[in-house]
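For reference, the structure is listed below as structure tokens.
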Amino acid sequence: MAKDASDPQQKIEQQIKNAGLPTHGVAPFRPAFDKNKKGELIVKKARVEHGPRIGKYGYVDTQGRIWIKDRAHGKYPDHWDVQENGGKLGRTRVDSDGNILP
Amino acid sequence: MAIPRERRTKAGAPPRELGLTAIGSSGPWEIAVDESTSGPNRWFAQIEGPSIYLRFEIASLEIVEEILEFLARSAGENGGHGHESPSDSLAISGGKSEVLLLRDDEFSDRFFLVIQPSKGPLTRLTIAGDDLTHVLAALRQVAEDLR
């Protein structure tokens, strides 16, 4: 079904889908929200301040973690490096189905 | 006392927190437009490809449609005579870095994104072939998201 651009909830769901963030599984992405200048809810993004991902902006979840996309490398497929405390406490790898990778 | 690298900020630097305005993705390419949520209105483009991540400020959201039109205008090979007209480039930056999109004068499906900060190294990204197809598809999603 086509997205209804006038529905903020559908717009955000479509954005999360376009980003490839997992919406199910044991570790789904649950967005933190901010408001734009028009007062509309928007998905919050933040810059990683520590570690090898420093400088990149990712999607903030309800726990304040920053989701950064990472390409397949080594034994891992494309996945998300979920930065704990802005990258200061390392990261958790989550695949596109919301599974935590070892 | 030295300031840790992660704490250094410059005047006009992007805020630490932004909001997602629009996003599109195709294949290994993702293009997002983010906006400031406090202070003056500012917008930032984020382009991520298989081995590159770029972020720069844009002047307004209207630039997305202008980029789409610029990329979609493929005139075919022109023989590589090096002729340059004003429509062969598009300035897309709204910040301190100069960001230019250049049309190749040799192949119609090849473009160059050139980022030149007032100080610092020049970055030049070639967009062609399958990458161009994906970038265009991602940009169309961004434009749709902005409507």
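Residue pairs whose Cβ atoms lie under 9 Å apart, sitting 6 or more positions apart in sequence or on different chains, and linking a residue in the range A:30-56 that is more than 18 Å from residue A:19 (Cα to Cα) and within 7 Å of another protein chain (Cβ to nearest Cβ) to a partner that is among the hydroxyl-bearing types (Ser, Thr, Tyr) and part of a strand (DSSP E or B), are A:36/B:21. Here residue A:11 clears all of (1) in a loop (DSSP other than H, G, I, E, B); (2) in contact with a helix residue (DSSP H, G or I) (Cβ under 8 Å, 6 or more places away or on another chain) except the condition numbered (1).
Can you tell me which residue within the range A:38-62, out of those that are loosely packed, with under 14 Cβ neighbours inside 10 Å and either more than 26 Å from residue B:52 (Cα to Cα) or under 10 Å from the mean Cα position of the chain (by Cα) (or both), is modelled with the highest pLDDT? Among those residues, the one meeting the criterion is A:62.
With respect to the stated conditions, residue A:27 is aliphatic (A, V, I, L, M) and farther than 28 Å from residue B:38 by Cβ.
Conditions (1) surrounded by fewer than 19 Cβ atoms within 10 Å (Cβ to Cβ); (2) under 23 Å from residue B:138 (Cβ atoms); (3) modelled with pLDDT of 90 or more, marked per residue:
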| position | (1), (2), (3) |
| --- | --- |
| A:4 | yes, yes, no |
| A:13 | yes, yes, yes |
| A:17 | yes, yes, yes |
| A:26 | yes, no, yes |
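Among residues of the range B:1-24 that are modelled with pLDDT of 50 or more, those with a Cβ under 7 angstrom from a residue that is among the polar types (S, T, N, Q) and outside any loop (DSSP other than H, G, I, E, B), sequence gap 6+ or separate chain, pair up as B:20/A:15; B:23/A:15; B:23/A:18; B:24/A:18; B:24/B:141.
Of the candidates B:102, B:113, the single residue that is more than 14 Å from chain A (Cβ to nearest Cβ) and either without any contact (Cβ under 8 Å) to a residue 24 or more places away in the chain or in a helix (DSSP H, G or I) (or both) is B:102. Candidates B:66, B:30, B:57: the one that is part of a strand (DSSP E or B) and either at pLDDT below 95 or closer than 19 Å to residue A:34 by Cβ (or both) is B:57. Within the range B:12-51, being more than 20 Å from residue A:46 (Cβ to Cβ), of a type outside the set (Phe, Trp, Tyr) and more than 11 Å from chain A (Cβ to nearest Cβ) holds for one residue alone: B:27. Selection over the range A:81-97 of residues that are away from chain B (no Cβ under 13 Å), within 11 Å of the chain's Cα centre (by Cα) and outside any strand (DSSP E or B) gives a count of 0.
Select from the range A:25-48 the residues that are closer than 19 Å to residue A:95 by Cα, assigned to a loop (DSSP other than H, G, I, E, B) and in contact with a strand residue (DSSP E or B) (Cβ under 7 Å, 6 or more places away or on another chain) and list them in ascending order. Lay out the reasoning, then the answer.
Within the range A:25-48, the first condition is being closer than 19 Å to residue A:95 by Cα, and the residues that meet it are A:25-31.
When the remaining residues are screened for being assigned to a loop (DSSP other than H, G, I, E, B), the result is A:25-30.
Answer for the range A:25-48, where residues must be closer than 19 Å to residue A:95 by Cα, assigned to a loop (DSSP other than H, G, I, E, B) and in contact with a strand residue (DSSP E or B) (Cβ under 7 Å, 6 or more places away or on another chain): A:26, A:27, A:29, A:30.
Each residue in the range B:116-130 was checked for being at pLDDT 90 or above and either outside any loop (DSSP other than H, G, I, E, B) or β-branched (Val, Ile, Thr) (or both), and 8 pass. Restricting attention to the range A:49-80, the residues that are among the acidic types (Asp, Glu), more than 23 Å from residue B:21 (Cβ to Cβ) and not in a loop (DSSP other than H, G, I, E, B) total 1.
The values are calculated or read from the model by the stated rules, or taken from the named source; none is laboratory data. Please read all numbers here as calculations on a predicted model, not as lab measurements. In this analysis, Cβ positions are derived from the backbone assuming ideal geometry, glycine residues included, and neighbour counts consider all displayed protein chains.
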